[in-house]
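J.: Before anything else, here's the structure in question.
Where a number appears in this text, it was derived from the coordinates with a stated rule and is not lab data. What you see is a predicted model, and the numbers here were worked out from it, not measured in a lab. So basically every Cβ, Gly included, is an ideal-geometry build from the backbone, and we count neighbours across all protein chains shown.
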Amino acid sequence: MTHWWQKGIVYQIYPRSFQDTNGDGIGDLHGIIQRLGYLHWLGIDAIWISPMYPSPMADFGYDISDYTDVHPMFGTLADMDELITAAHQRNIKVLLDFVPGHTSNQHPWFLESRSSRDNPKHDWYIWRDPAPDGGPPNNWLSRFDGKSGWTWDKNREQYYLHSFLAEQPDLNWRNPQVRETMLNVMRFWLDRGLDGFRVDVVYRVMKDPQLRDNPPNPDWREGMDPGHRLIEKYNKNTPDAHEFNRWLRAVTDEYDGRVLIGEINLPLPALVKHHGQNDEIHLPQNINLHDTTWEAEKIRALVEQYEALLPEGAWPNWVLGNHDQHRVATRIGQDQARVAMMLLLTLRGTPINYYGDELGMHDVAIPPEKIQDPWEIYSPGLGLGRDPERTPMQWDDTPNAGFCPPDVEPWLPVADDYAQNNVALARSRPDSMLTFTQKLIGLRRAAPALHIGEYRSLSAPLGLFAYLRAYGAERYVVVLNFTNREQVWPIPDEIGRLEIGLTTHLPNDKEIEGQQLSLHQNEGVVLKVAEA
Ligand code: GLC
C-alpha cells in the first residue's frame, strides 16, 4: 500500500510570513485559510506549519510556552480547527511543528522547575551542579552563539542546559513524566485531526547520560560558525536517539495515516538509520541537496548514495530549502532554481517545498535596524542569520505584495522585486517559474512513474544529469543541464522513442534528432518514453 505522504508533496509555511489578515504585519492562521485555494491550485498535498504556539518569540516560535494552544498573534485554537477542516475539504493534509527538545524559559514548567531544587518538576529540565572550578558542568555549546550551552540559575544555584538560546532550556526526556506529558501533546493534536508532525531537531533531544565533553573540531577556524568549534559527539545523534524516535512513532501509530517528518541534519549514512526498522521516523528530512555542491556529477552521486543506503521499506524524501537555509534561488541562481525544482519534483521520494520557492523567491538583504533573527544578532556578519529567507510571500504587485495592508510595516521587508515576481502576475505568465512548477506538479500527480516509480540513473556527459523513473509499463526520463552552456544528451539505445513532456524554460522547442536530445543552457526536460 502506498501512503499519501509517499505520493504527496509537502509545502512548508512559515506562518509569520505567509499572509497577514489582521493588519499587524505578521502572518496568521486566517491568512493560511485564505490562501488554501492557491495551494490547491498549485497541487500540493500537505502543509507543514512552523510553530504557531504561544511563545515569547525569542526564536520566533521555536521557544514554546504552551504546546496545546495558538499564539493570539496567529489566532485561536478554534482557528486551527477551522484551518484543519478547511484544508481537509481541499484534500490538503496539515502537519504542525513539534518541538520536543526545549521549551521557552517562560513555560510554566520551567518557571516551576527553576523555583527550587525539590519542586515536583525539579527534574523536568537538565540541571547540574557546577564543575569543581565553579564553571559549567561540561564544554557543550549553545548553537546560536558558540558560548556555553549552560546558564547559571541564581535561585537553584545550578546550571541548566540549553542547546540553543538561554531562553530555550532543554527538556529532560529521561524523566518519565516529561515523556508522558509530551507524548500527550502529540495526542492532543492528533485527536484534533492533525495529519502528523515535523519534529524539530529530533536527533538532538537525547544527550549522553554522562554529559561527556565534546572533542574540539580540528577543522574549525576563526570566522566560521562559532557553534562548530567542537564536534557534537555527545549532545546529538546519541545511540538512544533511536529509542526516542520509537516513542514518537508508537504514538503516531495509534492513529491511521499520520506521518512523522524529522529534522535530522546529518550525512546520509547516519540519516538513513533514523528510519529504523520502519519503526522510527517516516521521513528523516534529507537536507543533503542543500549541502551538496550544485554540479551534475555531485548531485547524481548523492542520489545514488541515498538510493543505495536506504533500508528495505524506507521511503526517501528531498528538501531544497527551509526557514533555516538561504533560498535556493540565491544559492544557485534563478535559472538553476528551475532545474532544482524539476529535480525535487521528479526524484524518487517525497518533495518538501519551502513557501515561495515555487516563485523563485530569493534572499532579501536585511538592513541592520530590521534584523530579527537571534542567530544574526549573536553571531553577526557570518551569514548565519535566517531573516533573508523568511521574508513575506509575494502575492501581488500592491505595496507589501499583498502580504499585509499597504500602510502596515511587515515584520521583515518585502523583496524589492515583488512587483515583477508575485503570484498574481506569475500565474498569468506561461513562462514564469510558478507556471512551470504548477504544470510539473500536475504531470507528477498524473504519472505514477513520477511519484512512486523506480529510479535509475542514465549515462550522461559532464554537466548533465539524466535518470529514468518507471512504474509498470510507464516510463519517464528526466534530463537536467546543470551548466550555462548548450549540451547534447546522447539517448542510450535501451531507451525507446521519447516524447517531449515539459521543459523548465519556454519556448518548449525541443526536437529529438536521431538519438540525440539537445538542451539549452540551464534547461531541464521531462520526457515520456513512448509505450510500445
Ligand atoms: C530547528 C529549527 C530552527 C530553530 C531551532 C531551535 O533547527 O528549524 O528554526 O531555531 O530548531 O529550535
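J.: Anything in segment 435-448 that is closer than 14 Å to Leu527 by Cβ and surrounded by fewer than 22 Cβ atoms within 10 Å (Cβ to Cβ)? List them, or say none.
T.: Correct list: Leu443, Ala447.
J.: Among the residues of segment 391-426, how many are without any contact (Cβ under 8 Å) to a residue 24 or more places away in the chain, farther than 20 Å from Asp24 by Cα and hydrophobic (A, V, I, L, M, F, W, C)?
T.: 1
J.: How many of the residues making up segment 191-225 are within 16 Å of Pro136 (Cβ to Cβ) and either acidic (Asp, Glu) or touching an Asp or Glu at 6+ places or on another chain (Cβ under 8 Å) (or both)?
T.: Residues that pass the stated criteria total 4.
J.: Also, I was wondering about something else. Would you list the helices (runs of 4 or more DSSP H) that sit entirely within segment 299-400 and hold 1 or more residues that are within 30 Å of Lys93 (Cα to Cα) and among the aliphatic types (A, V, I, L, M)?
T.: Per the criteria, 328-332, 334-346.
J.: Taking into account only those residues within segment 68-89 that are hydroxyl-bearing (Ser, Thr, Tyr) and in a loop (DSSP other than H, G, I, E, B), which is farthest from Trp247 (Cα to Cα)?
T.: Thr76
J.: Within segment 355-368, work out how many residues are on the phi < 0 side of the Ramachandran plot and in contact (Cβ under 8 Å) with a residue 60 or more places away in the chain.
T.: 4
This table checks each residue for (1) at positive phi; (2) in contact with a Pro (Cβ under 9 Å, 6 or more places away or on another chain); (3) touching a residue at least 40 places away in the same chain (Cβ under 8 Å).
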residue: Glu486; (1), (2), (3): no, no, no
residue: Asp509; (1), (2), (3): no, no, no
residue: Gln515; (1), (2), (3): no, yes, no
residue: Asn522; (1), (2), (3): yes, no, yes
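J.: If I filter segment 90-103 down to residues being outside any strand (DSSP E or B) and under 11 Å from His162 (Cβ atoms), which single residue comes out as farthest from the ligand (Cβ to nearest atom)?
T.: Here the answer is Thr103.
J.: Sticking with this structure for a sec: Give the residue that is nearest to the ligand (Cβ to nearest atom), with candidates limited to residues of segment 250-274 that are crowded, with 18+ Cβ neighbours inside 10 Å and among the charged types (D, E, K, R).
T.: Glu263
J.: Confirm whether Glu494 is among the charged types (D, E, K, R) and either under 24 Å from Thr293 (Cα atoms) or touching a strand residue (DSSP E or B) at 6+ places or on another chain (Cβ under 6 Å) (or both).
T.: no
Listed here are the residues, each with its yes/no results for (1) more than 22 Å from Leu190 (Cα to Cα); (2) touching a Leu at 6+ places or on another chain (Cβ under 7 Å); (3) crowded, with 21+ Cβ neighbours inside 10 Å.
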{"position": "Gly27", "(1), (2), (3)": "yes, no, yes"}
{"position": "Ile33", "(1), (2), (3)": "no, yes, no"}
{"position": "Pro56", "(1), (2), (3)": "yes, no, no"}
{"position": "Tyr62", "(1), (2), (3)": "no, no, yes"}
{"position": "Thr85", "(1), (2), (3)": "no, no, no"}
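J.: If I ask for residues that are crowded, with 21+ Cβ neighbours inside 10 Å and not charged (D, E, K, R), which ones from segment 508-524 would you list?
T.: If the condition is that a residue be crowded, with 21+ Cβ neighbours inside 10 Å and not charged (D, E, K, R), then Leu517, Leu519, Asn522, Gly524 are the ones that fit.
J.: Right, another one. What are the residue pairs meeting all of these: first residue in segment 208-233, first residue more than 19 Å from Asn265 (Cα to Cα), second residue polar (S, T, N, Q), Cβ atoms under 6 Å, and 6 or more apart or on different chains?
T.: Leu211/Asn138; Asp213/Asn138; Asp213/Asn139
J.: Right, here's the next one. Within segment 12-63, work out how many residues are assigned to a helix (DSSP H, G or I) and either in contact with a Ser or Thr (Cβ under 7 Å, 6 or more places away or on another chain) or within 14 Å of the ligand (Cβ to nearest atom) (or both).
T.: 6
J.: Still on this model: How many residues, within segment 168-226, are under 30 Å from Pro380 (Cα atoms) and either in a strand (DSSP E or B) or within 16 Å of the ligand (Cβ to nearest atom) (or both)?
T.: 17
J.: Failed condition for Lys236, given (1) in contact (Cβ under 8 Å) with a residue 24 or more places away in the chain; (2) part of a loop (DSSP other than H, G, I, E, B); (3) away from the ligand (no atom under 16 Å from the Cβ), with all others met?
T.: (3)
Quick grid of which residues meet (1) under 25 Å from Gly349 (Cβ atoms); (2) in contact (Cβ under 8 Å) with a residue 40 or more places away in the chain:
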| residue | (1), (2) |
| --- | --- |
| Trp4 | yes, yes |
| Gln12 | yes, yes |
| Gly25 | no, yes |
| Gly31 | no, no |
| Gln34 | no, no |
| Pro56 | no, yes |
| His71 | no, no |
| Ile84 | no, yes |
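J.: Next question, about the same structure. Just name the residue that is nearest to Arg204 (Cα to Cα) out of those in segment 142-160 that are within 14 Å of the ligand (Cβ to nearest atom) and either surrounded by fewer than 20 Cβ atoms within 10 Å (Cβ to Cβ) or not polar (S, T, N, Q) (or both).
T.: Among those that are within 14 Å of the ligand (Cβ to nearest atom) and either surrounded by fewer than 20 Cβ atoms within 10 Å (Cβ to Cβ) or not polar (S, T, N, Q) (or both), it is Arg143.
J.: Taking segment 89-138 only, how many residues are touching a residue at least 24 places away in the same chain (Cβ under 8 Å) and under 30 Å from His40 (Cα atoms)?
T.: Residues that pass the stated criteria total 10.
J.: Of all residues in segment 111-128 being out of contact with any strand residue (DSSP E or B) (no Cβ under 6 Å at 6 or more places or on another chain) and within 17 Å of Asp170 (Cβ to Cβ), which is surrounded by the most Cβ atoms within 10 Å (Cβ to Cβ)?
T.: The qualifying residue surrounded by the most Cβ atoms within 10 Å (Cβ to Cβ) is Trp124.
J.: Also, I was wondering about something else. For segment 36-50, what are the residues that are touching a residue at least 60 places away in the same chain (Cβ under 8 Å) and within 14 Å of Glu358 (Cβ to Cβ)?
T.: Answer for segment 36-50, where residues must be touching a residue at least 60 places away in the same chain (Cβ under 8 Å) and within 14 Å of Glu358 (Cβ to Cβ): Tyr38, Trp41, Leu42, Gly43, Ile44.
J.: Go over the candidates Ile299, Ile377, Ile352, Ile371 one by one and state the one that is of a type outside the set (Ser, Thr, Tyr), within 16 Å of the ligand (Cβ to nearest atom), at negative phi and surrounded by 18 or more Cβ atoms within 10 Å (Cβ to Cβ).
T.: Of the residues listed, the single one that is of a type outside the set (Ser, Thr, Tyr), within 16 Å of the ligand (Cβ to nearest atom), at negative phi and surrounded by 18 or more Cβ atoms within 10 Å (Cβ to Cβ) is Ile352.
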